[in-house]
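> Before anything else, here's the structure in question.
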Protein chains: 2
Amino acid sequence: MDKTIFTPLSELKVIHERQKPYIHNTPVLTSRSFNDLSGTKSYFKCENFQKMGAFKMRGALNGIMALNETEKSKGVVTHSSGNFAQAMCLSAKILGVKATVVMPRTAPKVKKDAVRSYGGFIIECEPTLEAREAAMNEFSRKTGAVTLHPSNQKEVIDGNSTAAIEILEAYPDLDAIITPVGGGGLLAGTALAAKQINPEILVYAGEPMNADDAFHSLRTGIIQPSINPETIADGLRTQLGDKNFPIIQKYVTEIIRVEESEIIFAMKWIWERMKIIIEPSSAVPVAAILKDPKLFMNKKIGIILSGGNVEMEKLPF
Amino acid sequence: MDKTIFTPLSELKVIHERQKPYIHNTPVLTSRSFNDLSGTKSYFKCENFQKMGAFKMRGALNGIMALNETEKSKGVVTHSSGNFAQAMCLSAKILGVKATVVMPRTAPKVKKDAVRSYGGFIIECEPTLEAREAAMNEFSRKTGAVTLHPSNQKEVIDGNSTAAIEILEAYPDLDAIITPVGGGGLLAGTALAAKQINPEILVYAGEPMNADDAFHSLRTGIIQPSINPETIADGLRTQLGDKNFPIIQKYVTEIIRVEESEIIFAMKWIWERMKIIIEPSSAVPVAAILKDPKLFMNKKIGIILSGGNVEMEKLPF
């Protein structure tokens, strides 16, 4: 097996120890109502309570902690404009590293403010993927800053794996574990840890029907592009990458697709009944469980709630 | 001291033990961001995570558990149409007691459905307080059902006291404790327990400026009516009663009034930053702390978040 991608569990545990001073071991919640509704025994790993409100903190932190001192002195740069940018800036701030984020000039002020509030610098560019990548690469070439990818990078995937390590430490007898899938970094990290801890565990993902490139990638064996995805689950509009796809191919049993209405139902249900804020992306695996009750009947399932960063002014209900 | 109202701590502890199989010892959350914002060390007692989503479960449960077997066989009745009705119905269901709720015929379907979902019977009446009380009393006279009051009844106040017992068991060195005040049942119960556990602790309440009858009651020494209160904090539109007022008079240091905009700011802040759903009433004590930072500077404060039952379609943001 390719160790450069398939990091051994022993290394993931070292990474977890290294992370611990800087992340929350987030709580695992249960809900009798949800168990009744779904016919499962479900355990919700609440990464919405993670620092900066999402699991991305784990991967970004490890992306920086894995650098040597010379690299750290040059700083880090990314072109994410979402949770990963904030996670990288907060991690960099904690570790005393300079962080720069390339953002489209059209990005919402609230996102720019968030990056600045964590001490990040912003470089604006045209609102295309090409312009963002070009600006990032140019900045990296000029300054020596290390580029970090939100989902398709070994260190980021490894860093993400620790949410699964924590839930399996608390509940070692889970039958299955499920995450949302967008760029693939959370799913790959989760699968990598979970399957090495317990080879019998089944790993699933939920994906929006309107952004089902990962589903088709798994079916065809070729990474499919995400073309004009229109889904409320804004964290899941990206596509898989060559670092996480082999892990997903090897370990993931099935990707379950859900409609927008099912995502919104699941999100509202969790808000109303469990009284916690989850972002639409987090509702996707919840909707997947409700979509296919036979598959999960009477099973113990770990659900990674990826985050809780929601624009309150744009709620779908 | 009048023991018929001022229940000794030893009895409150017996009540707590009796409740324990049927209620959650709800988590106490902290937030570094909130501590930074407020200049306090705050501890949030999350009754939004209580069964049926509010502290009312504690008082309703005790209201029924305190009955003798003959009384239980006749059932219970109330004319609350809010959280207390649901709490009473769920408590009654758990304890195998018949529950009836008098509701105005204009009450929202969602509230009627909630009562029915907990196995409660509904009697409809005209939408006035007089009609509700008349219908309740008539039903009680005919059937022998015991009337329960949402806030102005010794057993309900005593039952509510256990949230304070729990937070003070976890954090015995709190300098102050604060609740919202509407009907006064939570504030009185909290004060009753807290002051007997630690006579040095200061007890505060937050109240909407637009429904500040408790503030004026405390100032004047006479229970003031709540006349046409217009506040988003729908749980706080009621007025104090003769059972809880003496406790509040004896033990409460100050009632801090807050504007509607401050309630909404606090609610949104808690949702966005702590990722938990709280109802507007719960945001009132949070807003009170932010209103008067000098009063609470560097203090350890227990905040009772009263509940999390929110109509998602009617959010103020």
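The values are calculated or read from the model by the stated rules, or taken from the named source; none is laboratory data. Fair warning: this is a prediction, and the values are worked out from it, not measured in the lab. For neighbour counting, all protein chains shown are included, and Cβ atoms are generated from backbone atoms with ideal geometry for every residue, glycine included. What goes into the accessible areas is simple: the full protein's heavy atoms, side chains included, and nothing from ligands, DNA or RNA. Shrake-Rupley method; radii C 1.70, N 1.55, O 1.52, S 1.80 Å.
> Return the value, in Å² to the nearest 100, of accessible area buried between chains B and A (probe 1.4 Å, both sides summed).
For chain B against chain A, roughly 1400 Å² becomes buried.
> Also, quick follow-up: Mind listing the phi-derived Karplus ³J(HN,Hα) values for the range A:301-314, rounded to whole Hz, using 6.51, -1.76 and 1.60 with θ = phi - 60°, and x for any glycine or proline?
Calculated HN-Hα couplings, in order: 10, x, 10, 8, 7, 5, x, x, 8, 10, 7, 4, 7, 10 Hz.
> Do any residues of the range B:270-317 lose at least 30 Å² of accessible area when the full set of protein chains is present rather than just their chain alone, and if so which, with a 1.4 Å probe?
Residues losing area: B:W271, B:E272, B:K275, B:I277, B:M312, B:E313, B:F317.
> Can you work out the PRE-style zone for B:E230? Point 7 Å along Cα to Cβ, and I want the residues of the range B:246-275 with backbone N under 13 Å.
It comes to B:260, nothing else.
> Among the lysines, which fall within straight-line cross-link reach of B:K250, defined as a Cα-Cα distance under 17 Å, with same-chain neighbours fewer than 8 residues apart omitted?
B:K3, B:K154, B:K195
> Let me ask something else about it. Mean separation of Cα pairs under 8 Å and 6+ residues apart, divided by the residue count of chain B: what relative contact order is that in percent? Could the numbers behind the result be given before it?
Working: 674 pairs, mean separation 68.8, N = 317.
That works out to 22 percent.
> Accessible area per residue, 1.4 Å probe, Å², for chain B: what's the number?
That works out to 40 Å² per residue.
> Each residue of the range A:255-264 in order: what ³J(HN,Hα) in whole Hz does its phi give by Karplus 6.51 cos²θ - 1.76 cosθ + 1.60, θ = phi - 60°, with x for Gly and Pro?
For the range A:255-264, the Karplus curve yields 10, 9, 8, 10, 6, 4, 5, 6, 5, 5 Hz.
> So, with +1 on the Cβ of K and R and -1 on the Cβ of D and E, and no other charges, what is the size of the charge dipole of the range B:1-96 about its Cα centre, to the nearest 20 debye?
Here the size comes out at about 180 debye.
> Another one. Only Lys, Arg, Asp and Glu count, each charged at its Cβ (+1, +1, -1, -1), so figure out the dipole size of the range B:57-147 about its Cα centre, rounded to 20 debye.
260
> If you put +1 on each Lys and Arg Cβ and -1 on each Asp and Glu Cβ, how big is the dipole of chain B around its Cα centre, in Debye rounded to 20? Let's see the in-between values first.
Numbers: 37 positive and 35 negative charges, 148 e Å.
So the magnitude is around 700 debye.
> Sticking with this one: Set the Förster distance to 30 Å, then compute FRET efficiency between A:S73 and A:E311 from the Cβ-Cβ distance, nearest 0.05.
Efficiency computed from Cβ-Cβ geometry: 0.25.
> Amide H to amide H, which residues 5 or more places from B:V77 or on other chains are under 5 Å from it, using H placed in the peptide plane?
Result for B:V77 returns B:T100, B:V146, B:T147, B:L148.
> GNM on chain B, C-alpha springs below 10 Å: top fluctuator among B:S140, B:S261, B:S81?
B:S261
> Follow-up question, since we're still on this one. Quick one: what are the phi-derived ³J(HN,Hα) couplings along the range A:36-43, Karplus 6.51/-1.76/1.60 with θ = phi - 60°, whole Hz, x for glycine and proline?
5, 5, 9, x, 10, 10, 9, 10
> Divide by every residue of chain B the summed helix terms, -39500 (n - 2.57) for each DSSP H run of at least 4, and state the resulting mean residue ellipticity at 222 nm, rounded to the nearest 500 deg cm²/dmol.
Estimated from H runs of four or more residues: -13000 deg cm²/dmol.
> Further question on the same structure: At a Cα cut-off below 19 Å, give the lysines reachable from B:K109, other chains included and same-chain residues fewer than 8 away excluded.
A:K268, B:K314
> Sticking with this one: Taking Cα pairs under 8 Å and at least six residues apart, what relative contact order does the range A:57-147 come out at, in percent?
Details: 147 pairs, mean separation 28.3, N = 91.
Here the relative contact order equals 31 percent.
> Another one. Could you pull out the pairs from A:K93/B:K300; A:K51/B:K294; A:K45/B:K98 whose alpha carbons sit more than 30 Å apart here?
Values: A:K93/B:K300 28 Å; A:K51/B:K294 28 Å; A:K45/B:K98 38 Å.
Flagged as over cut-off: A:K45/B:K98.
> Kirkwood hydrodynamic radius, computed over distinct alpha-carbon pairs, for the protein assembly as shown: how many Å, to one decimal?
Working: mean 1/r = 0.0383 Å⁻¹.
For the protein assembly as shown, inverting the mean 1/r across all distinct Cα pairs yields 26.1 Å.
> Let me ask something additional. Which FRET efficiency value, to the nearest 0.05, is calculated for B:K268 and A:L95 with the Förster distance at 35 angstrom and r the Cβ-Cβ distance?
Once the sixth-power term is evaluated, E becomes 0.65.
> Rounded, prolate or oblate: which fits the range A:5-137, taking a ≥ b ≥ c as square roots of the Cα gyration tensor eigenvalues, rounded meaning a/c under 1.5, else prolate when a/b beats b/c?
oblate
> Between B:S33 and A:S261, how high is the FRET efficiency from 1/(1 + (r/R0)^6) when r is the Cβ-Cβ distance and R₀ = 25 Å? Nearest 0.05.
Computed FRET efficiency for B:S33 and A:S261 comes out at 0.15.
> Would you mind putting B:69-80, B:247-258 in packing order, based on average other-beta-carbon counts within 10 Å, highest first?
B:247-258, B:69-80
> If I compute solvent accessible area with a 1.4 Å probe over the protein chains, what percent of it on the range B:84-203 is carbon and sulfur?
Here carbon and sulfur together make up 53 percent of the probe-accessible area.
> If each of A:E124 and A:N198 carries a label point 7 Å out from its Cα toward its Cβ, how far apart are those two points in nm?
About 5.0 nm, to one decimal.
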